[in-house]
Amino acid sequence: MSKKLSVLVKKRSPEKISLEITKDSFEAFCNAIGLFRADFLKTLRESEADHKAGRVTKRRSLYELIEKP
């Protein structure tokens, strides 16, 4: 049974949005944005294994991942 998702927008600016989510609707929020998808969970497990094995690359920004060399 799915819960009703209720989120209160606290602040809004051109650069940021601040949301307030109740504890009761947190699971529904995570489900709505895809945090319970099998492929996302698999990626998390693989990432954790890489981190434990020391296969870590320090990044200053996520833009480094999309910039062309």
- [ ] Order the peptides 10-20, 24-34 from the highest to the lowest mean number of other Cβ atoms within 10 Å of their residues.
- [x] 24-34, 10-20
Open item on the list: Please list, ordered by chain and number, the residues whose modelled amide H lies under 5 Å from the amide H of residue 7; skip anything fewer than 5 residues away on the same chain.
Closed with: none
TODO: List the relative contact order of the chain as a percent without decimals, with contacts defined as Cα pairs under 8 Å and 6+ residues apart.
DONE: 19 percent
Open item on the list: Less than 18 Å apart at the alpha-carbon level, and either on another chain or at least 8 residues along: which aspartates and glutamates does that give for residue 42?
Closed with: 50
- [ ] Specify the angular offset, from 0 to 90 degrees and rounded to the nearest 10, of the alpha carbon long axis of helix 38-52 from the longest principal axis of the alpha carbons in the chain.
- [x] 40 degrees
Open item on the list: Using a probe radius of 1.4 Å on heavy atoms only, what accessible surface per residue do you get for the chain? Whole Å² is fine.
Closed with: 101 Å²
TODO: Among (1) 13.0, 41; (2) 11.8, 32; (3) 16.8, 47, find the value of Rg and Dmax of the Cα atoms in Å that was calculated from the structure presented, and write down its label.
DONE: (3)
Task: Order of exposure, largest accessible area first, which applies to 55, 60 with probe 1.4 Å - done: 60, 55
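The values are calculated or read from the model by the stated rules, or taken from the named source; none is laboratory data. In this text the structure is predicted, and so the values were computed from the model without any measurement. We place every Cβ from the backbone using ideal geometry, glycine too, and count neighbours over all the protein chains shown. Note: areas computed on protein heavy atoms with side chains; ligands, DNA, RNA excluded. Shrake-Rupley method; radii C 1.70, N 1.55, O 1.52, S 1.80 Å.
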